[in-house]
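> Just passing along the structure, written as structure tokens.
The values are calculated or read from the model by the stated rules, or taken from the named source; none is laboratory data. Everything quoted here is computed from the prediction, not taken from an experiment. For neighbour counting, all protein chains shown are included, and Cβ atoms are generated from backbone atoms with ideal geometry for every residue, glycine included. Just the protein is used for accessible areas: all its heavy atoms, side chains included, with ligands, DNA and RNA removed. Shrake-Rupley method; radii C 1.70, N 1.55, O 1.52, S 1.80 Å.
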Amino acid sequence: AECAGFADSGVHYRDQTGSNMRALVLGEEGYRFHSDREQAQPVAGEVLVRVVKAGICETDLQLIQGYMGFQGVLGHEFVGIAESGEFAGKRVVGEINCCSGQCCQTNPAGRRHCPNRTVLGILNHDGAFADYVAVPQENLHVLPENVENDRAVFIEPLAAAFEILEQIDVKAGKPAIVLGDGRLGYLCAQVLSDAGADVTVVGKHAAKLERFAAQKLKTCLLNEIPDGWFSERNAELVVDCTGNAGGIELAFQLVRPRGVVVMKTTIASKQTLSLAPLVIDEIQLIGSRCGPFDVAIRALEENRIEVESLITARFPLEEIETAMEVAQQRDQHKVLIEFE
């Protein structure tokens with residue numbers, strides 16, 4: 001869900017010198033594992049981070065299908081060890097939007113929406129499916145001791161889920177629907193429930209919905225949505241985490257007039273959609289992307305959000321090509337890449 005609309009696909013790193021490293025690189029002919037990629041070299045304001053664990057994201061899977069036209073090292077969900085800077089030797093995670101200009105200091109949206117930003121593994125900046133990644137010092141967050149690496153890999157997508165609370169006032173006890181039973185849907189549903197919303201999750205897969213039920217969340221299969229949901233339209237909030245073009249149209253059919261639809265889905269293919277419901281029903285449509293890392297870290301530190309059950313497979317970095325294939329299978333959630 002990162003930075004749609006940018007055309008330039010150049011790679012941020014320059015003057016690469018020194019040792020080689022292992023990396024998964026996306027090029028014109030697809031992605032390929034390299035054992036001798038030139039090691040990332042930080043530019044001014046950046047810190048070299050030694051990656052110890054990373055996660056494959058739906059955005060990565062869209063990138064290999066042509067989303068954003070990116071070429072370079074993939075990967076943006078990671079935990080590593082800072083090699084320099086004020087956090088040298090400590091476990092860190094990094095925000096993915098990189099901006100060091102004055103605009104980031106004066107713009108309330110900050111580097112997340114800087115028009116000159118680069119984005120780790122997504123836009124003009126090599127990512128974390130490599131032994132090393134260069135990250136702006138100001139993007140780094142030190143991990144608490146009780147947030148293990150397996151859980152820390154989820155901080156970036158969990159922060160994206162918490163972004164919803166930054167954008168809208170979620171009212172306690174009010175009905176909310178999360179569309180999609182995948183990784184992001186699982187995180188968004190927990191975040192909204194933690195904020196007090198009366199959450200129901202709609203998904204296609206009974207087995208996946210069991211994970212939500214284990215967190216005491218109400219669930220409904222897509223093909224079993226009651227007719228009353230469409231006629232009564234009680235949901236004040238609907239969040240589209242489906243990952244497909246049809247999710248937003250369904251959201252319009254379920255949200256109440258003057259309700260809010262939050263769009264988390266980004267896909268490589270073009271979408272066609274009638275916008276008439278936005279006008280007729282005065283629906284608020286909110287795009288939602290990256291979010292607050294500090295809030296996500298604190299939620300994991302306080303054990304308010306469960307993430308471990310999402311892990312369905314692990315691969316060493318040398319087998320990352322296979323890992324990318326596995327991550328595209330419907331029975332998979334989070335596939336982790338192990339570096340050590």
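> How about segment 140-157: which of its residues are of a type outside the set (Asp, Glu) and farther than 18 Å from Leu187 by Cα? Spell out how you get there, then give the answer.
Step one: list which residues in segment 140-157 are of a type outside the set (Asp, Glu), which gives 140-144, 146-147, 149, 151-155, 157.
Hits for segment 140-157 are Leu140, His141, Val142, Leu143, Pro144, Asn146.
> Sticking with this one: Residue by residue through segment 222-241, note down the ones that are part of a helix (DSSP H, G or I) and either in contact with a Cys (Cβ under 9 Å, 6 or more places away or on another chain) or open to solvent by 40 Å² or more (accessible area, probe 1.4 Å) (or both).
Restricting attention to segment 222-241, the residues satisfying the condition of being part of a helix (DSSP H, G or I) are 222-224, 227-232.
Scanning segment 222-241 gives Leu222, Asn223, Glu224, Asp227, Trp229, Phe230, Ser231, Glu232.
> Looking for something hydroxyl-bearing (Ser, Thr, Tyr) and farther than 24 Å from Arg211 by Cα - is there at least one such residue anywhere in segment 293-309? Break it down into steps so the answer makes sense when it comes.
Pass one, segment 293-309, residues hydroxyl-bearing (Ser, Thr, Tyr): 309.
Next cut, farther than 24 Å from Arg211 by Cα only: none.
No, the conditions are met nowhere in segment 293-309.
> Could you name every one of the helices (runs of 4 or more DSSP H) located completely within segment 242-310 that has at least 1 residues being crowded, with 21+ Cβ neighbours inside 10 Å? Give the derivation first.
Working: elements: 247-254, 276-280, 293-301.
Because the criterion is at least 1 residues that are crowded, with 21+ Cβ neighbours inside 10 Å, the helices (runs of 4 or more DSSP H) in segment 242-310 that meet it are 247-254, 293-301.
> Still on this structure, please answer the following. Identify the single condition in (1) at pLDDT 95 or above; (2) under 20 Å from the mean Cα position of the chain (by Cα) that Ala23 does not satisfy, given that it satisfies every other one.
Looking at each condition in turn, Ala23 falls short on (2).
> Output the qualifying pairs, or none if there are none: Cβ atoms under 8 angstrom, residues six or more apart or on different chains, first residue in segment 26-45 and of a type in the set (Asp, Glu), second residue open to solvent by 50 Å² or more (accessible area, probe 1.4 Å) and modelled with pLDDT of 95 or more.
Sorted first by the residue in segment 26-45, then by its partner, the pairs are Glu28/Gln71.
> Taking the criterion of being touching a Phe, Trp or Tyr at 6+ places or on another chain (Cβ under 7 Å), in a helix (DSSP H, G or I), free of Cβ contacts under 8 Å to residues at least 60 places away in the same chain and not polar (S, T, N, Q), would at least one residue in segment 135-153 satisfy it?
no
> Of all residues being part of a helix (DSSP H, G or I), surrounded by 15 or more Cβ atoms within 10 Å (Cβ to Cβ) and of a type in the set (A, V, I, L, M) in segment 164-221, which is farthest from the chain's Cα centre (by Cα)? Just the residue, please.
Leu209
> I would also like to ask the following. Quick one: is Ile168 in contact (Cβ under 8 Å) with a residue 40 or more places away in the chain and over 25 Å from Ile311 (Cβ atoms)? I'd like the intermediate steps shown before the answer.
Values: in contact (Cβ under 8 Å) with a residue 40 or more places away in the chain: yes; over 25 Å from Ile311 (Cβ atoms): yes.
For Ile168, the condition - in contact (Cβ under 8 Å) with a residue 40 or more places away in the chain and over 25 Å from Ile311 (Cβ atoms) - is met.
> Let me ask another. How many residues does segment 119-155 hold that are touching a Cys at 6+ places or on another chain (Cβ under 8 Å) and either hydrophobic (A, V, I, L, M, F, W, C) or open to solvent by 10 Å² or more (accessible area, probe 1.4 Å) (or both)? Reasoning before the result, please.
Let us first name the residues in segment 119-155 that are touching a Cys at 6+ places or on another chain (Cβ under 8 Å), namely 119-120, 122-123, 125, 135-136, 139.
With the extra rule that they be either hydrophobic (A, V, I, L, M, F, W, C) or open to solvent by 10 Å² or more (accessible area, probe 1.4 Å) (or both), the set shrinks to 119-120, 122-123, 135-136.
Of the residues in that region, 6 qualify.
> Could you say whether any residue in segment 224-235 is aromatic (Phe, Trp, Tyr) and under 20 Å from Lys53 (Cα atoms)? Even if it seems obvious, please write down each step before you answer.
First pass over segment 224-235, keeping only residues aromatic (Phe, Trp, Tyr): 229-230.
This time we only want the ones that are under 20 Å from Lys53 (Cα atoms), so: none.
Scanning segment 224-235, I find no residue that is aromatic (Phe, Trp, Tyr) and under 20 Å from Lys53 (Cα atoms), so the answer is no.
> Please specify each residue of segment 32-58 satisfying the condition of being open to solvent by 10 Å² or more (accessible area, probe 1.4 Å) and under 20 Å from the mean Cα position of the chain (by Cα).
Initial filter on segment 32-58 (open to solvent by 10 Å² or more (accessible area, probe 1.4 Å)): 32-39, 41-46, 48, 50, 52-53, 57-58.
Across segment 32-58, the qualifying residues are Val52, Lys53, Cys57, Glu58.
> Exactly one condition in (1) outside any loop (DSSP other than H, G, I, E, B); (2) open to solvent by less than 30 Å² (accessible area, probe 1.4 Å) is false for Glu318; which is it?
Failing condition for Glu318: (2).
> A further question on this structure: Being open to solvent by 20 Å² or more (accessible area, probe 1.4 Å) and either more than 19 Å from the chain's Cα centre (by Cα) or hydroxyl-bearing (Ser, Thr, Tyr) (or both): is that true of Glu95 here? Steps first, answer last, please.
Values: open to solvent by 20 Å² or more (accessible area, probe 1.4 Å): yes; either more than 19 Å from the chain's Cα centre (by Cα) or hydroxyl-bearing (Ser, Thr, Tyr) (or both): no.
Here the answer is no, as Glu95 does not meet what is asked.
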